[in-house]
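Student: Structure incoming, see below.
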Amino acid sequence: MNIRCIKCKGRDPSICGRTYCPITAKISAQKKVNLEAKQEFFGQSPNVFVGRYGYPNVNVGILGVEHYEEHDNPLLWSRENYDIASIINLRSSLINSNFKAKVTGFKERFMEMSKEVGMAEKPVDVEVGLSKKPSFSLSFSQDTMPHGPSIELKRARITENPKIPAAVDKAVDDIDLKASLALNQLYKKNIDEHYLTRLLSIGTLGMKKQRKLVPTRWSITAVDDTLAKAMISEIKDYGIINDYTVMFGGHLGNYYVALFFPEVWSYELFETYVGKSTWHDSEEITTMTDYESFDGRKDYASNTAGGYYAARLAVLEYLKREKRQASVLLLRFITGEYYAPLGVWVVREATRKAMAAKPLNFESKELMIKYVQALVKKKFGINVDAILRQSILLNNIKTQRKLGEF
């Protein structure tokens with residue numbers, strides 16, 4: 001906490017240049033949890049959280065709340081435009097009732113219950129007994145959704161028969177089906193990526209000897225990457241787009257400018273912080289980037305991490321709908337509106353909103369870039385030229401054109 005926070009005490013966030021106050025937001029959520037949390041409760045569990053620390057011995061948490069109100073529904077939050085405060089308020093009251101387990105320890109106590117919760121189509125009625133009464137705690141991550149207090153689980157039972165879709169049941173029962181094939185088959189049957197992440201995380205997919213718990217953070221990226229790779233193989237057979245195209249949109253302070261070039265598939269992401277937030281308390285503009293060619297990546301996109309894969313999936317969904325191929329330069333601008341990390345689903349949904357916007361077509365690369373320069377300057381007050389000069393994708397296009405002239 002800096003001196004400005006001490007002076008302000010949450011009265012006027014404009015003093016520090018932010019559009020919110022993290023102190024008052026935390027106090028509001030803390031009061032709610034401390035008043036409502038119980039050591040024993042009957043409620044609903046919408047999901048399971050698998051931690052990564054201590055791997056292969058991890059914490060498995062059955063997330064639960066006494067009164068369920070869409071506490072674990074990011075697609076609905078996006079569709080109905082929930083604000084950040086509302087999402088934090090929901091997630092802060094979601095208790096992480098956890099126990100220790102080996103990633104291959106499916107006979108561990110509470111594991112069968114965890115699998116049933118993870119496989120269920122809707123939140124499951126549960127009775128939960130904890131080691132102590134929960135007190136306020138709020139866990140944030142760039143990749144996973146926040147949740148409330150983490151307390152050791154002492155006893156738990158499901159009080160209803162979970163509803164599991166036939167397609168999910170079939171995939172789980174098939175012990176000779178690779179996890180990647182199962183994920184793609186279920187995705188084609190409208191099982192969304194949030195549901196697929198649950199199934200992969202609790203070790204219900206894949207060949208029998210290869211099944212194991214997958215930390216939630218890793219499973220999110222694994223699902224995004226697996227679905228995207230199948231789409232990339234498909235769109236490589238499509239014709240190349242005719243025009244230079246720009247699309248723009250965003251969600252919760254995350255904005256995307258997508259530049260589509262009439263070239264074979266390649267993808268590059270730039271992430272630029274253009275405002276203050278809880279984790280970027282500086283006026284300095286910070287940019288990170290990752291790239292893949294037509295042949296793909298051989299290593300993890302460590303600079304932009306999970307956001308790279310989440311945004312790429314949304315872009316590929318659009319190209320698949322259009323049955324077209326393109327080189328895509330994606331510019332993410334993270335503003336002070338995004339004052340608390342809510343998980344990588346925000347990236348995916350923000351990119352999807354950009355992909356749902358009306359496309360603007362240009363006759364040349366130069367005209368498209370000129371438009372993007374003006375757009376970024378108007379929206380975010382920065383000169384995008386410094387970012388574009390770093391672009392491997394743009395440089396490759398220029399080089400190809402020069403070689404083609406000989």
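The values are calculated or read from the model by the stated rules, or taken from the named source; none is laboratory data. Predicted model only: the values in this text are computed from it and were never measured. Here Cβ is always computed from backbone atoms with ideal geometry, including for glycine, and neighbour counts include all displayed protein chains.
Student: Do you know which residues across segment 209-221 are surrounded by fewer than 20 Cβ atoms within 10 Å (Cβ to Cβ), part of a helix (DSSP H, G or I) and either out of contact with any Lys or Arg (no Cβ under 7 Å at 6 or more places or on another chain) or not hydrophobic (A, V, I, L, M, F, W, C) (or both)?
Tutor: Result: 209, 210.
Student: Can you name the residue in segment 138-178 that is assigned to a loop (DSSP other than H, G, I, E, B) and without any contact (Cβ under 8 Å) to a residue 40 or more places away in the chain and, of all such residues, is farthest from residue 95 (Cα to Cα)?
Tutor: Only one residue tops the list, namely 176.
Student: Please pick out the residue among 214, 223 that is touching a strand residue (DSSP E or B) at 6+ places or on another chain (Cβ under 7 Å) and not hydroxyl-bearing (Ser, Thr, Tyr).
Tutor: When all the criteria are applied, what remains is 214.
Student: Then there's this: Checking the structure you have, find out if any residue of segment 308-320 is outside any helix (DSSP H, G or I) and more than 22 Å from residue 381 (Cα to Cα).
Tutor: No, segment 308-320 has no match at all.
Student: Also, I was wondering about something else. Taking segment 61-114 as the search range and keeping residues that are among the basic types (Lys, Arg) and surrounded by fewer than 17 Cβ atoms within 10 Å (Cβ to Cβ), which one is modelled with the highest pLDDT?
Tutor: 79
A quick yes/no check of all residues on (1) over 22 Å from residue 116 (Cβ atoms); (2) within 18 Å of the chain's Cα centre (by Cα):
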{"position": "175", "(1), (2)": "no, no"}
{"position": "194", "(1), (2)": "no, yes"}
{"position": "201", "(1), (2)": "no, yes"}
{"position": "207", "(1), (2)": "no, no"}
{"position": "215", "(1), (2)": "no, yes"}
{"position": "226", "(1), (2)": "yes, yes"}
{"position": "232", "(1), (2)": "yes, no"}
{"position": "236", "(1), (2)": "yes, no"}
{"position": "251", "(1), (2)": "yes, yes"}
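Student: Is one or more of the residues making up segment 289-297 under 23 Å from the mean Cα position of the chain (by Cα) and in a loop (DSSP other than H, G, I, E, B)?
Tutor: yes
Student: Among all residue pairs at least 6 apart or on different chains, which show Cβ distances below 9 Å where the first residue, located in segment 51-79, is closer than 15 Å to residue 148 by Cβ and the second is of a type in the set (Val, Ile, Thr) and assigned to a loop (DSSP other than H, G, I, E, B)?
Tutor: none
Student: Of the residues 214, 274, which single one is β-branched (Val, Ile, Thr) and modelled with pLDDT under 95?
Tutor: So the residue among 214, 274 that is β-branched (Val, Ile, Thr) and modelled with pLDDT under 95 is 274.
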